[in-house]
1. Taking only protein heavy atoms into account and a 1.4 Å probe, give the accessible area per residue of the chain in Å².
2. Tilt of helix 13-26 relative to the longest C-alpha principal axis of the chain, in degrees (0 to 90, nearest 10)?
3. Charges on Cβ only, +1 for Lys and Arg, -1 for Asp and Glu, centred on the Cα centroid of the chain; of I33, H46, F16, which one is farthest towards the dipole's positive end?
4. Would you tally the net charge around R25, using a Cβ to Cβ cut-off of less than 14 Å, leaving R25 out, and scoring K and R as +1, D and E as -1?
5. Using the crude model of +1 on Lys and Arg Cβ and -1 on Asp and Glu Cβ, and no other charge, please compute the dipole size for the chain relative to its Cα centre, in debye to 20.
6. Lysine pairs in the chain with alpha-carbon atoms under 24 Å apart, 8 or more places apart or on different chains: how many are there?
7. Can you pull the percent of the chain's accessible area that's carbon plus sulfur, 1.4 Å probe, other chains left in place?
8. Can you tally the net charge around F52? Count Lys and Arg as +1, Asp and Glu as -1, for every other residue whose Cβ sits under 14 Å from the Cβ of F52.
Amino acid sequence: MDIRYKLLTNKELDIFIDMRIKQLREEGATEDIDLKPALRDYYERHMADGTFVSWIALDGDKMIGTSGMSFVEKPPYLG
């Protein structure tokens with residue numbers, strides 16, 4: 001195996017989205033709606049503005065692992 005890691009780009013989004021849907025199904029989600037358009041919109045918007053990043057693991061051309069982090073800024077509060 002020749003595993004390499006790279007930052008997710010729009011080029012890999014189709015496979016990334018398919019893997020996300022598989023994960024949700026494994027966690028018990030049903031296939032009542034097509035999440036692909038909503039997921040694509042979310043990832044494209046938030047990757048563009050820097051509030052979502054993901055590193056992917058590739059074995060050759062095959063995506064074998066993903067990560068993901070969303071950044072949210074919350075206002076100060078008392079406490």
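The values are calculated or read from the model by the stated rules, or taken from the named source; none is laboratory data. These figures come from a predicted structure and were not determined experimentally. Cβ: placed from backbone, ideal geometry, glycine included. Neighbour counts: every protein chain shown. For accessibility, only protein heavy atoms count, side chains too; no ligands or nucleic acids. Shrake-Rupley method; radii C 1.70, N 1.55, O 1.52, S 1.80 Å.
1. Solvent-accessible surface per residue comes out at 80 Å².
2. 80
3. With unit charges placed on the Cβ atoms, the residue in question is H46.
4. Combined, the nearby Lys, Arg, Asp and Glu give -3.
5. In total the dipole reaches around 220 debye.
6. Going through the chain pair by pair, I get 9.
7. C and S atoms contribute 55 percent here.
8. That sum, taken over residues with Cβ under 14 Å, equals -2.
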